[in-house]
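I have a structure I would like to understand better, so I am pasting it below and will then ask my questions one at a time.
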Amino acid sequence: MNDRIIVPLDVPSEAAAIALIDKLPQVTFWKVGLELFVSSGSNILTILKQRQKRIFLDLKFHDIPNTVAGACAAAARFGVDLITIHATAGKTALEQAQRAIESNTPEGATPSKLIAITVLTSLSARSLAFELKIPLELPEYALEMALLAKESGLSGAVCSPQEVAQLRQVCGDEFVLVCPGVRPTWAAAGDQQRIMTPKQAIAAGATYLVIGRPITAADDPVGAFDRICEELAG
């Protein structure tokens, strides 16, 4: 099960990222997000590729169609496995971003999978309704965003574990569903609002689980990662 767990490199520097990678050699799939990419640039992607790790480039692109297409074209050339874009960028932006990835994939390489952010897992139903003024219920809105991504030719979506069962049923078995907001029973929830345990999320239909602080902030990160893998296998 370790290849279905994505561990975030949510650290402020390349040196800190390398230290974490060295500390957890059994992790095969790493997430590079905004903080690390802004601080260290694309060199961290090269380091991960050299170590034969899979890469989730989680920069959550959200801009006008021409801009997100250009960003996705550049990201595709890195040869990463997953790239994120906000579904709320709209259908034209999603379609152009997907085409940009397909036309900029290095020869002989597998194209990166573009996946859409549905609703950030830090947002609650109350936040969606009262702060963002979205009239739909949160599960319905997440489903609409996932369907928009699928209709636009994307490979999958990011959603909380609480929405994953419905998205799996409606979007089909081939649609990639990545779930942050996954917390073992023995870990703190942190700023995540809509959570499940790893085993519950996989059973509900998640393709990959993003699990950060329960592993990286643990007193024994290796032991925490192994414990989660054992719970999933059991």
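The values are calculated or read from the model by the stated rules, or taken from the named source; none is laboratory data. Please read these numbers as outputs of a predicted model, since none were measured by experiment. Positions of Cβ are generated from backbone atoms using ideal geometry, with glycine treated the same way; all protein chains shown enter the neighbour counts. Keep in mind that these areas ignore ligands, DNA and RNA; they rest on the heavy atoms of the full protein, side chains included. Shrake-Rupley method; radii C 1.70, N 1.55, O 1.52, S 1.80 Å.
Inside the stretch 97-108, can you point out the residues that are closer than 20 Å to residue 58 by Cβ and in a loop (DSSP other than H, G, I, E, B)?
Residues satisfying the conditions are 104, 105.
Here is a yes/no grid of residues against (1) small (Gly, Ala, Ser); (2) touching a Cys at 6+ places or on another chain (Cβ under 8 Å):
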residue: 135; (1), (2): no, no
residue: 138; (1), (2): no, no
residue: 153; (1), (2): yes, no
residue: 161; (1), (2): no, yes
residue: 164; (1), (2): no, yes
residue: 168; (1), (2): no, no
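From the list 152, 103, pick out the single residue that is open to solvent by 20 Å² or more (accessible area, probe 1.4 Å) and either over 16 Å from residue 206 (Cα atoms) or touching a residue at least 40 places away in the same chain (Cβ under 8 Å) (or both).
Only one candidate passes the filter, namely 103.
Still on this structure, I have one more. List the number of the failed condition for residue 37; all other conditions in (1) in contact (Cβ under 8 Å) with a residue 60 or more places away in the chain; (2) open to solvent by less than 80 Å² (accessible area, probe 1.4 Å) hold.
Of (1) in contact (Cβ under 8 Å) with a residue 60 or more places away in the chain; (2) open to solvent by less than 80 Å² (accessible area, probe 1.4 Å), only one is false for residue 37: (1).
In addition: Taking the criterion of being in a loop (DSSP other than H, G, I, E, B), open to solvent by 20 Å² or more (accessible area, probe 1.4 Å) and farther than 30 Å from residue 169 by Cα, would at least one residue in the stretch 113-127 satisfy it?
Scanning the stretch 113-127, I find no residue that is in a loop (DSSP other than H, G, I, E, B), open to solvent by 20 Å² or more (accessible area, probe 1.4 Å) and farther than 30 Å from residue 169 by Cα, so the answer is no.
Taking the condition more than 24 Å from residue 24 (Cβ to Cβ), under 15 Å from the mean Cα position of the chain (by Cα), at pLDDT 95 or above and assigned to a helix (DSSP H, G or I), does residue 146 pass?
Answer is yes for this residue.
Taking the stretch 128-140 as the region of interest, how many residues are surrounded by fewer than 22 Cβ atoms within 10 Å (Cβ to Cβ) and assigned to a helix (DSSP H, G or I)? Before you say what the answer is, go through the steps one by one.
Just the residues of the stretch 128-140 that are surrounded by fewer than 22 Cβ atoms within 10 Å (Cβ to Cβ), to begin with: 128-137, 139-140.
Of the ones still in play, those that are also assigned to a helix (DSSP H, G or I) are 128-131, 139-140.
Residues meeting the conditions: 6.
Is it the case that the stretch 149-163 has a residue that's farther than 22 Å from residue 211 by Cβ, under 15 Å from the mean Cα position of the chain (by Cα) and not in a loop (DSSP other than H, G, I, E, B)?
Checked the stretch 149-163: at least one residue is farther than 22 Å from residue 211 by Cβ, under 15 Å from the mean Cα position of the chain (by Cα) and not in a loop (DSSP other than H, G, I, E, B).
As an exercise: evaluate residue 186 against (1) farther than 26 Å from residue 126 by Cβ; (2) at pLDDT 90 or above; (3) not β-branched (Val, Ile, Thr) and give the number of the one condition it does not meet.
(2)
Looking for whichever is among the β-branched types (Val, Ile, Thr), over 25 Å from residue 85 (Cβ atoms) and touching a residue at least 60 places away in the same chain (Cβ under 8 Å) here; the options are 178, 222. Which one fits?
Exactly one residue qualifies, and that residue is 222.
When you go through 63, 81, 3, 22 one by one, which is the residue that is open to solvent by 30 Å² or more (accessible area, probe 1.4 Å), modelled with pLDDT under 95 and at negative phi?
3
Among the residues of the stretch 204-217, are any surrounded by fewer than 16 Cβ atoms within 10 Å (Cβ to Cβ) and modelled with pLDDT under 95?
Yes, there is a match, as at least one residue in the stretch 204-217 is surrounded by fewer than 16 Cβ atoms within 10 Å (Cβ to Cβ) and modelled with pLDDT under 95.
Could you check, for the stretch 191-201, whether at least one of its residues is of a type in the set (D, E, K, R), surrounded by 23 or more Cβ atoms within 10 Å (Cβ to Cβ), in contact with a helix residue (DSSP H, G or I) (Cβ under 6 Å, 6 or more places away or on another chain) and at pLDDT below 90?
Looking through the stretch 191-201, at least one residue is of a type in the set (D, E, K, R), surrounded by 23 or more Cβ atoms within 10 Å (Cβ to Cβ), in contact with a helix residue (DSSP H, G or I) (Cβ under 6 Å, 6 or more places away or on another chain) and at pLDDT below 90.
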